[in-house]
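Colleague: To start, I am sharing the structure in question, which I have written as structure tokens.
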Amino acid sequence: MSSAIRHAVSRRPRIAHCVGFYFPEQVGGTEVYVQDLCVELARRSVDGYVIAATDGSRDEYFQEGVPVLRYPSHWAEVADDARLGAKTGLSKFQALVLENRPDIFHLHSWTTGAGLTHLSQVAQLGIPCLVTMHVPSPLCMRGTMLLHGRQACDGRIDEKRCVQCWAEARGLPATLAYGVSLLPRALGDRLASRGSSRAMTLLSARSLARTKAHELHLMAGLCEKIVAPSQWVADALAANGIAADKFTISRQAVSPLLAKAAAGRSRREPTKELMVGFVGRLEPYKGAHVLVEAMAGIPRDVPIRLLLAGKGPDAEYVRRLADASDNDRRIEFCGPISREELPGFLSQLDILAVPSKYMETGPLVVLEGYALGLPVMGADLGGISERIRDGVDGWLLPFDDSGAWAATMHRLALDRNEIDRMTANIEPSRTMEVVASEMIDLYSGILRARLLSAKASQLS
């Protein structure tokens, strides 16, 4: 057992939480969820550690008291030839898991560094597994869960429909994309073997869609339970024939520390300008450009400001955002903010905006806004639409219509009464304490079933 983990665990139930990224390199909803969950589980006598992929070398450290084990993202593909001596046929990833053998392996990602391969390898070790679907990747070739990029999809993986939708996202005109979707699978694969790499991928898309469906069912077979953070995720699993007893809904929640910090803050006095804020990655699917476009449609003499907090890996997208905001002093790029800085940033705002252009399984930021007493303006998609009560504690707006966002922001900037009414209707946010209790019930059920099965085997 590695030194960091050895000193941090005991004989209490121990959970390995596996993610594709982690602090300090990556800060997102999944990483925040995992960190907060580990802290709350420890308070309830359930130990855990984070095992996270990295592009660097193996490392160990503590993140706010939680043990973290980093492994090179390719280790599942590398045979272990030393660490376990006589044991052969294992990958370096499997050897690492065995060194710190958990009672349950809880996968929170679906990436090349922490995904199906890793789930399969841990299941081979006889360790019970659990998967929380924080992203729609296991369901959608396109990755957004937007059918043809225009409407919410039900998540059912259908070869022809998925291939046409995916091919359109790859730049093919709708008629050509439809043609690709009609190619018999065997013919497409045969033609693909003779073309360029891009053509190969497009022509073999029917096989890719079939693989997507196969991998979803393989995931369900390898794990004891799938955790769906939103109702739409559960509905999509059911639409794909996943048995109802295989998944459960457990929604995201805010840290008790954030809830406590929010409770201690007094409501700020309204300012002359309506303060609208965005917190998240500056990437196209998070939709910050929708807000910038909306600001362009609001006259400059309207008292409103837009604060954008975050950064993004797509330099071209960030540049386009900056260009679109040029000379508009009402728009401020605040850069990335830490978790500790989040309450202070949110306390400046009158409204939190969440204009995502894909089906979120959360998102956590909506709950964080509510915890700070902010009404939320969000896209009418996925988890956002499940969390905002339109016309009660926020506004649901078309994800693809910046004009609708502009009209609403313009109206609210000139009349704050509606904001006050929404604010008064905000209910307390769900906290991670509740999620931890739900996870303990799941873990206990899984371990109890394993124990009963082992006893039955001994008696037979």
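The values are calculated or read from the model by the stated rules, or taken from the named source; none is laboratory data. Since this is a predicted model, take the numbers as computed values, not measurements. Ideal geometry is used to build each Cβ from the backbone, glycine not excepted, and the neighbour counts take in all protein chains shown. Ligands, DNA and RNA are stripped out before the accessible areas are found, and what is left, the full protein with its side chains, is counted by its heavy atoms. Shrake-Rupley method; radii C 1.70, N 1.55, O 1.52, S 1.80 Å.
Colleague: Tell me the label only: which of (i) 32, 31, 21; (ii) 38, 30, 20; (iii) 38, 24, 21 is semi-axes √(5λ) of the Cα gyration tensor in Å as calculated from this structure?
Modeller: (ii)
Colleague: Could you work out the local net charge near Asp59, counting Lys and Arg as +1, Asp and Glu as -1, over the other residues with Cβ closer than 14 Å to its Cβ?
Modeller: Counting the neighbours of Asp59, the net charge comes to -1.
Colleague: Accessible area per residue, 1.4 Å probe, Å², for the chain: what's the number?
Modeller: Values: 20110 Å² over 460 residues.
Result: 44 Å² per residue.
Colleague: I'd like the Karplus ³J(HN,Hα) series for segment 109-126: coefficients 6.51, -1.76, 1.60, θ = phi - 60°, whole numbers in Hz, and an x wherever there's a Gly or Pro.
Modeller: Per-residue couplings from phi come out as 10, 9, 10, 5, x, 7, x, 4, 4, 5, 4, 4, 5, 6, 4, 4, 7, x Hz.
Colleague: Between Val392 and Lys311, what is the label-to-label distance in nm when each label sits 7 Å out along the Cα-to-Cβ direction?
Modeller: Simple spin-label model gives 3.9 nm for this pair.
Colleague: Sum up the charges of everything whose Cβ sits under 10 Å from the Cβ of Leu130, counting Lys and Arg as +1 and Asp and Glu as -1, but leave Leu130 out. Before the final figure, lay out each step's value.
Modeller: Working: positive: Lys225; negative: Glu224.
Net charge around Leu130: 0.
Colleague: While we're here: Whole-Hz ³J(HN,Hα) for each residue in segment 139-148, computed from phi via Karplus 6.51 cos²θ - 1.76 cosθ + 1.60 with θ = phi - 60°, x for glycine and proline: what do you get?
Modeller: Working through the residues one at a time gives 9, 10, 5, 6, x, 10, 6, 10, 5, 6 Hz.
Colleague: Report the local net charge at Ser429: Lys and Arg +1, Asp and Glu -1, summed over other residues whose C-beta lies under 10 Å from its C-beta.
Modeller: Result for the local shell: 0.
Colleague: Considering amide H positions built from the backbone, and no H for Pro or chain starts, which residues 5 or more places from Ala379, or on another chain, come under 5 Å of its amide H?
Modeller: Val354, Ser356, Leu397
Colleague: Testing the spin-label approximation: label points 7 Å from Cα along Cα→Cβ at Ser457 and Asp415. State their distance in nm.
Modeller: About 6.8 nm, to one decimal.
Colleague: Here is a further query. Nearest-5 percent of antiparallel DSSP beta bridges in the chain?
Modeller: So the antiparallel bridges amount to about 15 percent of the total.
Colleague: What FRET efficiency would be calculated for the residue pair Leu218, Lys272, taking the C-beta separation as r and a Förster radius of 60 Å, to the nearest 0.05?
Modeller: 0.55
Colleague: Please check the chain for the longest run free of GluC sites (Glu not before Pro) that are loop-located per DSSP (anything but H, G, I, E, B) and have at most 14 other Cβ atoms within 10 Å. Numbers along the way, then the final one.
Modeller: Numbers: sites that count: Glu25, Glu64, Glu273, Glu340, Glu341.
Value returned for the longest uninterrupted segment is 65-272.
Colleague: Separate question: With +1 on the Cβ of every Lys and Arg and -1 on the Cβ of every Asp and Glu, and nothing else charged, how large is the dipole of the chain about its Cα centre, in debye rounded to the nearest 20?
Modeller: In debye, rounded to 20, the chain gives about 1100.
Colleague: Write out the cysteines belonging to the chain for which the nearest other cysteine Cβ is not under 4.7 Å, or none if no such cysteine exists.
Modeller: Singleton cysteines: Cys18, Cys38, Cys140, Cys153, Cys162, Cys165, Cys334.
Colleague: Karplus couplings for segment 154-159 from phi (6.51 cos²θ - 1.76 cosθ + 1.60, θ = phi - 60°), rounded to Hz, Gly and Pro as x?
Modeller: 7, x, 6, 7, 10, 3
Colleague: Right, something else. Please name whichever of Val19, Gly89, Ala228 sits farthest to the positive end of the charge dipole of the chain, dipole taken about the Cα centre and charges placed at Cβ: Lys and Arg +1, Asp and Glu -1.
Modeller: Selected residue: Gly89.
Colleague: Using 0.36 nm times the number of residues separating Arg150 and Ala407, minus their current alpha carbon distance, what extension gain do you get?
Modeller: 90.4 nm
Colleague: On to the next question. So, with a 1.4 angstrom probe, what is the percent of accessible area on the chain that is carbon and sulfur? Each step should come with its number before you reach the end.
Modeller: Numbers: 10460 of 20110 Å².
Solvent-exposed carbon and sulfur of the chain make up 52 percent of the total.
Colleague: Continuing with the same structure: Please report the relative contact order for segment 314-429, taking Cα pairs under 8 Å with a sequence separation of at least 6, and give it as a percent rounded to a whole number.
Modeller: Once divided by the residue count of segment 314-429, the mean separation gives 21 percent.
Colleague: So what is the relative contact order for the chain, in percent, with contacts set as C-alpha pairs under 8 Å and at least six apart?
Modeller: Details: 816 pairs, mean separation 59.4, N = 460.
That works out to 13 percent.
Colleague: If a paramagnetic tag sat 7 Å from the Cα of Ala324 along the Cα-Cβ line, which residues of segment 285-306 would have the backbone N under 15 Å from that point?
Modeller: Counting only backbone N, you get 285-298, 306.
Colleague: Non-local amide H neighbours of Thr54 (under 5 Å, H modeled in plane, Pro and chain starts lacking H): which ones?
Modeller: Tyr71, Ser73
Colleague: Between Arg450 and Thr248, what is the spin-label point distance in nm, taking each point 7 Å from the Cα along the Cα→C-beta axis?
Modeller: Going by the 7 Å Cα→Cβ label model, 1.6 nm.
Colleague: For the chain, the longest stretch holding no trypsin sites (Lys or Arg not before Pro) located in a DSSP loop with at most 11 other Cβ atoms within 10 Å is which?
Modeller: 330-460
Colleague: Also, quick follow-up: Report, in listed order, any pair from Lys212/Lys246; Lys160/Lys212; Lys92/Lys455 with a Cα-Cα distance greater than 21 Å.
Modeller: Listed pairs above 21 Å: Lys92/Lys455.
Colleague: Where the centroid of each part is defined by its Cα atoms, how far is segment 55-75 from segment 338-367 in Å?
Modeller: 27
Colleague: Here's a follow-up. Once amide H atoms are built 1.01 Å from N in the peptide plane, which residues 5 or more positions from Gly48, or in another chain, come under 5 Å H to H?
Modeller: Those lying under 5 Å, H to H, from Gly48 are Ile15.
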